[in-house]
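Written below as structure tokens is the structure these notes are about.
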Amino acid sequence: MKKILTIILLLACSTIYAQQSSFKPRFSNNVSFGFGVATSNTDVAFYDDSYDDDDDTYLMGLQFDYVGLMHISPKVGLGVGTGVRQLINFEDYFDNTTTLNNYFIPLYAQARFRFMDRKVSPYLNVSLGYNFNVGSNSEDFFDDGDSYNDVKYKLESGVMGNLSGGASIRFKRNMALQVGPYLEYQRTNESFVYDNVTSEYNNDLDLFQFGLKVGFSF
């Protein structure tokens, strides 16, 4: 019996070694789309809190990412990524609802772990980098010429970190679909600038974005 168990163990070890030794490092392209909600428990930056109904800041987040990965083993890939972020702030000030947008381009390093070398496997992505603000919009709160009619809302560039995971479904040798939740953190500063009264109000924010991401590797 001991001999049989020893033979089985040796065969299993030799199979694992053969799989590892036959693996050749390869490069993959990875694209993903995400949708989520970002929140912070810091009061919105406005000169009078009575004009804002909420104590928290809530934003809708849209994400597109491209990551180039070098797979150093069947289960581990390392690479760098970039993409586009849009954060949309729906706020109700002075009894008017307005849409305030901020656009970011992230640059980050990523490690990807695919825990099983099988058709379907759990995976985890860990990313760390920086979000660069590349644009924000101004909105009119009044159309009647009142003083606070042109307000610019901006979220500053800041450090970001992202965790995403879920199921990785391989349908060809080097092609896979990834689906799962994500959590993204960004350190930023939120400001309102009033063009016609030379005033500015701002807060430091820790933004946490939760959502769902769908990706494709090839």
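Before moving on, here are some points about what is shown:
- Residues in the range 168-191 reached by a label modelled at Lys24 [backbone nitrogen below 18 Å; 7 Å Cα→Cβ]: 173-175
- Here the 3J(HN,Hα) profile of the range 175-187, calculated from phi with Karplus coefficients 6.51, -1.76 and 1.60 at θ = phi - 60°, is 10, 8, 10, 10, 9, x, x, 9, 10, 10, 10, 9, 8 Hz, Gly and Pro shown as x.
- Note on Thr39 and Leu177: their simple-model spin labels are 3.0 nm apart, each label 7 Å out from Cα toward Cβ.
- Stretched out straight at 0.36 nm per residue, the stretch from Val134 to Tyr103 would grow longer than its current Cα-Cα span by 10.6 nm.
- Placed amide H near Ser157: partners under 5 Å, 5+ positions off or other chain: Asn133
- Rough spin-label spacing in nm, given labels placed 7 Å along Cα→Cβ, for Phe208 and Met116: 3.1 nm
The numbers here are math on the coordinates, done by the rules we state, and not lab data. Please read these numbers as outputs of a predicted model, since none were measured by experiment. Virtual Cβ from ideal backbone geometry, glycine too; neighbours counted across all protein chains shown.
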